[in-house]
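Below is one structure, written out as structure tokens; the observations come after it.
The values are calculated or read from the model by the stated rules, or taken from the named source; none is laboratory data. Owing to the predicted nature of the structure, the values given are computational and were not obtained by experimental measurement. We place every Cβ from the backbone using ideal geometry, glycine too, and count neighbours over all the protein chains shown.
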């Protein structure tokens, strides 16, 4: 059996347009209809929709009647529905006969011929599946100049079962299974049609040329959705290319209803924004992802264009779901640099200067974001404060203190901002019960969603084209002779000279070389408040991290109203490897998380015992953890003019904004990575991609061994 590729098209409404029927109604009855307040096209649409309904109902009740008989018989009833009191006086039998005759003269939908030719050129066999008689359908194609072999025309009439009864599609699927081992496609402009075909085993391709609104919330998502028939063909062809699976691998963003984060409870006007109704066909730069990284890259590119008086390029931002719906829209609200943890580890493995670079780079985000917020007057609840890093055991205190001392020995100036306390002093400073020790240093917290949507609004106002609900399904890795890449989506393809992947946890879906290098890892956060009638607990003046062991920690920030955003809860689920590792499902809360958060403040913070603090909401987010614990930033190895800014290990807030500035300088000014100020160890390299290391997995194994010992 071959693995030939097959596409089955719905005919009338998809490849064949209804427009001629609407024009015929207007020609024959239009003047009289309008005098009665009836639009001819609306009457025609009601006639078609009602005929489809009756055709289906009769079939389901075991009384199959050919479509054309139902269609002709319903006309007077449709006039009555439209408000004509005496339909048979309004239109004669000759009128009806003439209109049905014109129905048989329908023409091609714009783009139909090109769509079929594209698919045939790509090696697909094109089939047609209709509710009508074969001769009439064949006539449509002959009139339109399309060669459609009679043996490739299939009809419901042969089985006496109407679409969308699933039993109508099954014989077609079975027929194709006899000639090919590949899953065939079903393509239609009726969402009810293609969505039903998918239920029996077809892959689904939908074009909005007829209905305009896909209504995914009703019918679900199709593998391909496009605004034109040729665009639909492009999507099908792309989906069948090697290394571009038709069903998305696990790393693609999920399109189910995500858990609602506290930050996203009042969506911005740009949340579902599409700058233009149709997807642009070309752009100078395409940014994949409308989160912190994508928005920051656009911000810095525009700033560089302005400061260097360079012509602003055309930029398109493609977002699979809503704007800022990924990790940044679901995080804990921290803007907390790591001054000693990762820096001291990198200092030990890569040299002291490499460690210092990380500490200084992350610390520089505090004044950079503060300046941005103040200069642009961004309403994002930015608070400059101190982070209290609370360690609950002697072992953790010894380990972290050793890292701080290493950096102090090398006179790292940032250590002057780090304050250490232990024993009862640590509990007094942190307000955390039984704190073994704590470190404090300058930090900040904010409302992340508001910050990112401000950056996106600024970009859109400056001419950037933002397209939400437009997942990228594939990109070409090698440019055409004239330096053009193709970025494919279910809504069509974009030609571009530069691609920026701001895809974080979802990176490997588009860049297979990052599989097991950037790993989707689920995390969970909550919002905790207290009843109005209760005595308010002490206001928390800082942001906090509470560490109970390796891989076991919580992090929290206070909100202006005294409530708390608390994240972590690993103790409740980290043992269940499948619940978090390589998992992009953010539509459900990880089991056990809510229970872990309940009573957390009362258990751990002094003065909160009688507060009545309770969990208001819990949500899941997906982070991009890297196999070596470092972000992947820079030019993608082996790919000219393609860049990546991803893999932030749940710690992107003090890394992304200035890393995006560096990427913008590479894209706009042609700088080399070493000239950007981004830490050297953050550069994505072939060596890192080829490394067998998997620190995420190793960390989990160490965690489990530690639990077994205890």
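Count of the range 587-614 residues, restricted to those that are touching a helix residue (DSSP H, G or I) at 6+ places or on another chain (Cβ under 7 Å), touching a residue at least 24 places away in the same chain (Cβ under 8 Å) and closer than 22 Å to residue 327 by Cα, is 3. The set of residues in the range 91-118 that are free of Cβ contacts under 8 Å to residues at least 60 places away in the same chain, more than 16 Å from residue 48 (Cβ to Cβ) and surrounded by 14 or more Cβ atoms within 10 Å (Cβ to Cβ) comprises 113, 117. I'm checking my understanding of the structure. Among residues of the range 279-309 that are part of a loop (DSSP other than H, G, I, E, B) and in contact with a helix residue (DSSP H, G or I) (Cβ under 9 Å, 6 or more places away or on another chain), which one is nearest to residue 213 (Cα to Cα)? My answer is 279. Considering the range 610-631, and only residues there that are modelled with pLDDT of 95 or more and out of contact with any strand residue (DSSP E or B) (no Cβ under 8 Å at 6 or more places or on another chain), the residue that is surrounded by the most Cβ atoms within 10 Å (Cβ to Cβ) turns out to be 630. Does the range 158-175 contain at least one residue that is in a loop (DSSP other than H, G, I, E, B) and at pLDDT 90 or above? No, every residue in the range 158-175 fails to be in a loop (DSSP other than H, G, I, E, B) and at pLDDT 90 or above.
Condition check ((1) assigned to a loop (DSSP other than H, G, I, E, B); (2) closer than 13 Å to residue 238 by Cβ; (3) modelled with pLDDT under 95) across all residues:
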position: 469; (1), (2), (3): yes, no, yes
position: 472; (1), (2), (3): yes, yes, yes
position: 480; (1), (2), (3): yes, no, yes
position: 487; (1), (2), (3): no, yes, yes
position: 493; (1), (2), (3): no, yes, yes
position: 498; (1), (2), (3): no, no, no
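Looking at the structure I just gave you, is residue 229 over 30 Å from residue 446 (Cβ atoms), at pLDDT 85 or above and surrounded by 22 or more Cβ atoms within 10 Å (Cβ to Cβ)? The answer is yes for residue 229.
Which residue out of 390, 404 is in a helix (DSSP H, G or I) and surrounded by 15 or more Cβ atoms within 10 Å (Cβ to Cβ)? Steps first, answer last, please.
Values: 390 fails: in a helix (DSSP H, G or I).
Answer to the selection: 404.
For residue 317, the conditions (1) assigned to a helix (DSSP H, G or I); (2) modelled with pLDDT of 95 or more are fulfilled apart from (1). For the range 31-64, the set of residues classified as at pLDDT 90 or above and exposed (fewer than 12 other Cβ atoms within 10 Å of the Cβ) consists of 31, 35, 37, listed by residue number. Does any residue of the range 362-376 turn out to be modelled with pLDDT of 95 or more, part of a helix (DSSP H, G or I) and more than 20 Å from residue 443 (Cβ to Cβ)? Yes. Taking the numbered list (1) out of contact with any helix residue (DSSP H, G or I) (no Cβ under 8 Å at 6 or more places or on another chain); (2) free of Cβ contacts under 8 Å to residues at least 60 places away in the same chain in turn, residue 56 passes all entries but (2). Here is the figure for the range 196-213: residues that are touching a helix residue (DSSP H, G or I) at 6+ places or on another chain (Cβ under 7 Å) and either assigned to a loop (DSSP other than H, G, I, E, B) or crowded, with 23+ Cβ neighbours inside 10 Å (or both) total 9. Do we find a residue being part of a helix (DSSP H, G or I) and surrounded by 17 or more Cβ atoms within 10 Å (Cβ to Cβ) anywhere in the range 588-596? Yes.
For the range 169-182, enumerate the residues that are in contact with a strand residue (DSSP E or B) (Cβ under 9 Å, 6 or more places away or on another chain) and free of Cβ contacts under 8 Å to residues at least 60 places away in the same chain. It would help to see each step written out before you state the result.
Pass one, the range 169-182, residues in contact with a strand residue (DSSP E or B) (Cβ under 9 Å, 6 or more places away or on another chain): 169, 171-173, 175-176, 179-182.
Hits for the range 169-182 are 169, 171, 173, 175.
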